[in-house]
1. With GLU51, GLU132, GLU111 as the choices, which residue is without any contact (Cβ under 8 Å) to a residue 12 or more places away in the chain and of a type in the set (Asp, Glu)?
2. Can you confirm whether the stretch 53-74 contains a residue that is under 18 Å from SER130 (Cα atoms), over 17 Å from the mean Cα position of the chain (by Cα) and in a helix (DSSP H, G or I)?
3. Of the conditions (1) within 16 Å of the ligand (Cβ to nearest atom); (2) at positive phi, ALA175 clears all except one; give me its number.
4. Would you mention how many residues in the stretch 92-116 are within 16 Å of the ligand (Cβ to nearest atom), within 16 Å of GLY136 (Cα to Cα), in contact with a helix residue (DSSP H, G or I) (Cβ under 7 Å, 6 or more places away or on another chain) and not in a loop (DSSP other than H, G, I, E, B)?
5. I'm checking my understanding of the structure. Among residues of the stretch 257-289 that are among the β-branched types (Val, Ile, Thr) and away from the ligand (no atom under 16 Å from the Cβ), which one is farthest from LEU28 (Cα to Cα)?
6. Considering only the stretch 230-256, state which residues are in contact with a helix residue (DSSP H, G or I) (Cβ under 6 Å, 6 or more places away or on another chain) and more than 16 Å from the ligand (Cβ to nearest atom).
Amino acid sequence: MALINLKDLLKHAQENKYAVGAFNITNLGFIDTIIDAAVQQRSPVILQVAEVHLRYVNLEEIAPVIISAAKKVDIPVCFHLDHGVSLQTVVRAIRAGFTSVMIDGSAHPLEENITLTKEVVRVAKSVNVSVEAEIGHVGGEAIGEVAPTAHSASKETFTKVDEAARFAGETGIDALAIAIGNVHGFYKGEPNLDFERLAQIRSAVNVPLVLHGGSGIHDDDFRKAISLGVCKINFYTEMSAGGVSRIRQYLTDKPEVTSLPDVINRGFEEVKKIVMGRMEVFGSKDMCTPDKTLCLSCSDRTCGFIDPKFTPGAKTILYTDLVDEITKVVISSMKDNPSG
Ligand code: 13P
């Protein structure tokens with residue numbers, strides 16, 4: 001099976017200096033589109049569902065679909081909760097089979113963010129689910145029905161180096177989301193990332209760093225951020241807007257079209273292209289090929305990691321797998337002992 005938690009996945013990315021793309025799922029069509037892109041690029045991938053997007057998808061209903069799609073492919077797939085804001089949502093995600101969660105306490109004062117994050121780490125770690133959290137605050141808006149206002153980052157909410165070190169040390173998180181000029185949604189003007197701050201955060205903090213607000217950032221800036229320790233890049237607005245543009249063009253070219261699935265599929269074709277392009281820039285393309293360390297043992301069509309340096313911890317146990325296992329034991333003991 002290809003499901004992996006964030007900690008194990010980002011360990012490989014950190015050691016091999018690339019970033020894994022984390023793409024938001026807001027509709028069933030994104031699932032196969034993004035997984036297909038990853039399989040074609042031989043790239044690990046993170047599929048994430050943001051709490052703010054639960055108005056588009058039902059967490060408990062979409063989880064089994066994502067898990068089943070992930071289990072069918074021979075690349076590592078991390079299933080992540082994006083911007084969870086409460087312990088309740090985190091627990092719902094863990095119960096539904098997510099392998100990783102983000103708790104975003106960045107709107108709270110530092111002490112409250114630490115307390116909330118520690119609580120989430122205690123719960124999630126007990127079932128080998130990884131935890132990402134945020135310090136400083138990445139502003140902006142995720143895309144809604146129409147394009148939201150473009151934002152520029154506000155310096156007051158940039159991540160402070162000393163706070164990042166304290167936060168990572170005290171909470172025991174597996175990945176840290178930082179604010180260095182990145183914003184969600186569309187950028188007002190050109191994005192201007194504070195690479196000096198990123199380098200300082202990197203030397204003060206050991207855990208892999210996460211860059212939210214990937215849409216609109218230039219390829220060279222991505223490469224530089226990755227060289228300075230970014231291992232996970234969140235990306236959504238550009239693929240959503242790209243899909244819509246493609247549909248608009250298709251309908252202009254072929255106004256006679258009436259087949260809804262064909263219209264929607266044009267949009268997802270564009271999404272796939274965009275995602276494949278990001279995987280190339282993030283350096284995750286071809287990490288699952290025989291000459292790379294991530295997926296050398298995929299010959300048995302399950303996801304394996306042959307790099308001796310890369311030994312994932314205990315595998316994430318899905319509730320459904322556990323039930324299957326227990327059922328097998330019960331049936332076999334009934335066979336051995338027919339009279340009870
Ligand atoms: P963009 O929509 O700006 O790419 O950001 C996505 C994101 O950071 C989700 O957490």
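The values are calculated or read from the model by the stated rules, or taken from the named source; none is laboratory data. Not measured: the values here are computed from a predicted model. So basically every Cβ, Gly included, is an ideal-geometry build from the backbone, and we count neighbours across all protein chains shown.
1. Going through GLU51, GLU132, GLU111 in turn, the sole match is GLU111.
2. no
3. Going through (1) within 16 Å of the ligand (Cβ to nearest atom); (2) at positive phi one by one, ALA175 breaks only (2).
4. Adding up the residues that qualify gives 1.
5. Once the filter is applied, the top-ranked residue is THR289.
6. Selection gives ARG246, ILE247, TYR250.
Residue-by-condition table, conditions (1) among the basic types (Lys, Arg); (2) part of a helix (DSSP H, G or I); (3) at pLDDT below 95:
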| site | (1), (2), (3) |
| --- | --- |
| SER245 | no, yes, no |
| TYR250 | no, yes, no |
| GLU256 | no, no, no |
| PRO261 | no, yes, no |
| GLY267 | no, yes, no |
| VAL271 | no, yes, no |
| ASP291 | no, no, yes |
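Quick grid of which residues meet (1) crowded, with 23+ Cβ neighbours inside 10 Å; (2) within 16 Å of the ligand (Cβ to nearest atom); (3) at pLDDT 95 or above; (4) more than 15 Å from the chain's Cα centre (by Cα):
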site	(1), (2), (3), (4)
ALA2	yes, no, no, no
ASP8	yes, no, no, no
ASN16	no, no, no, yes
VAL20	yes, yes, yes, no
VAL49	yes, yes, yes, no
ASP82	yes, yes, yes, no
